[in-house]
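Here is the structure we will look at, set down as structure tokens.
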Amino acid sequence: MTTILDGKVASAAYKQVITEEVSQLVAKGKRPPHLAAILVGNDGASETYVASKEKNCAQVGFNSTLLRFDESISETQLLEEIDKINKNDDIDGLIVQLPLPKHINPDKMTDAILPSKDVDGFHTFNAGQLSKNMDTFIPATPYGIVKLLMHYGISTKGKHAVVVGRSMIVGRPMSILLSSSNSDYGNATVTLAHRYTDNLADITKQADIIVVAVGIPLFLKADMIKEGAVVIDVGITRVPDETKKRGFRLDGDADYDKMFDKCEAITPVPGGVGLMTILGLLDNTLKAYKAKHE
Ligand code: NAD
């Protein structure tokens, strides 16, 4: 029987714990954790993500602030806005929603965020801490994925994990976490594959756990995995679909329907990793708050 790794179920369980913690803080007269998000321009997918982050903040009792800027904003102006939030003691965490317009360097922006408020974990300092297995803000998507694996009791120790995609927000930190010595989600033998990997199917067929994050709909086919594999599908691509009210559907990177019976466990899209990513962000915001207040 294939297990559906349900992000809705797992994130609800974790969010319940956060909600209780926040209500205890508020009962003691403290202010709740506060997440700020910067959104530049009006990219449709980014609008959806940011709205979902705000909704989830409200659900667990966090304050949230959305700062919107026109896509004509300059790098200098955006750096000034980031600086204001860095200096605002009422805000614990800040994210700059990516992608940014072409004239703005994303690394420059994420490195301008105070590392103690960098709840996306993209700052060079926090990325360095992660690679040294030190306590830090783990980027929300890989963090959500390890929490999902833990929720469903999927052990990674001694397993061969293949991560497909090496981006700094998903694949690379994912490979670091799985290969770390952390007893909850590490100790796997990790292969990190990317666009120049030869004979990818030969590699994925050896994997006990596959994390696929390439952004190509249905990229990972049923004949590329072995019987009993655990498949974590990070991809979310809007595919035009006139049968849908919104005019598009969301496709993952894995051919879910065709591989379902072959898998020991698999994440659906939507309803899998996306919800866990938001959970990761909430957890990081609470961590930033606690570091300041305890
Ligand atoms: P990216 O474009 O930064 O990176 C894609 C990676 O895929 C690259 O490292 C590239 O080398 C690799 N790749 C491309 N073609 C390949 C091929 N043919 N074979 C092997 N590797 C190949 O993307 P990203 O930001 O990591 O996002 C990947 C996907 O995950 C996108 O669909 C994105 O929307 C989605 N995403 C989802 C969440 C979530 O919360 N569910 C979060 C972040 C990203």
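The values are calculated or read from the model by the stated rules, or taken from the named source; none is laboratory data. Not measured: the values here are computed from a predicted model. A quick note on method: Cβ atoms are made from the backbone with ideal geometry, for glycine too, and the neighbour counts reach across all protein chains shown. To get the accessible areas, we keep the full protein, side chains included, count just its heavy atoms, and leave off ligands, DNA and RNA. Shrake-Rupley method; radii C 1.70, N 1.55, O 1.52, S 1.80 Å.
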Relative contact order (%) - the chain, alpha-carbon pairs under 8 angstrom, separation at least six: 21 percent
Just grab the label-to-label distance for Lys30 and Thr65, each label 7 Å out from Cα along the Cβ direction, in nm (one decimal). 2.0 nm
When segment 153-213 is reduced to its Cα atoms, the Kirkwood hydrodynamic radius in Å: 11.4 Å
Over 26 Å between C-alpha atoms is what I'm after, so list which of Lys53/Lys102; Lys84/Lys147; Lys205/Lys245; Lys55/Lys102 land there. Lys84/Lys147; Lys205/Lys245; Lys55/Lys102
Would you be so kind as to identify all helices of the chain, as entire DSSP H runs, whose Cα atoms reach 27 Å or more along the helix's own axis and whose mean Kyte-Doolittle hydropathy is at least -1.0? 7-27, 273-293
Within segment 160-254, what whole-number % of the accessible surface is contributed by carbon and sulfur, with the 1.4 Å probe and all protein chains included in the calculation? 49 percent
If you take the square roots of the eigenvalues of the alpha-carbon gyration tensor of segment 96-179 and sort them as a ≥ b ≥ c, do you get rounded (a/c under 1.5), prolate (a/b over b/c) or oblate? prolate
Pop out the Kirkwood hydrodynamic radius of segment 140-274 from its pairwise C-alpha distances, inverse of mean 1/r, in Å to one decimal. 14.8 Å
What order do Lys159, Lys87, Lys245, Lys108 take when sorted by accessible area (1.4 Å probe), most exposed first? Lys245, Lys87, Lys108, Lys159
Segment 238-273 versus segment 157-206: alpha-carbon centroid distance in Å: 22 Å
Rounded percent of accessible protein surface that carbon and sulfur make up, segment 29-114, 1.4 Å probe: 49 percent
In segment 187-206, which residues have a backbone nitrogen under 11 Å from the label point lying 7 Å from Lys221's Cα in the Cα-to-Cβ direction? 201
For Arg249 and Glu20, FRET efficiency with R0 = 25 Å and r from the beta-carbon atoms, rounded to 0.05? 0.10
For the modelled label position 7 Å from the Cα of Thr197 along Cα-to-Cβ, which residues of segment 133-160 have backbone nitrogen atoms closer than 17 Å? 142, 159-160
Kirkwood Rh over Cα pairs of the chain into Stokes-Einstein at 4 °C, 1.567 mPa s: D in µm²/s? 66 µm²/s
Sites Asn133 and Lys108, calculated FRET efficiency, Cβ-Cβ separation with R0 30 Å, nearest 0.05: 0.65
What length, rounded to one decimal in nm, is gained on full extension from Lys290 through to Asn187, with 0.36 nm per residue of separation minus their alpha-carbon distance? 34.2 nm
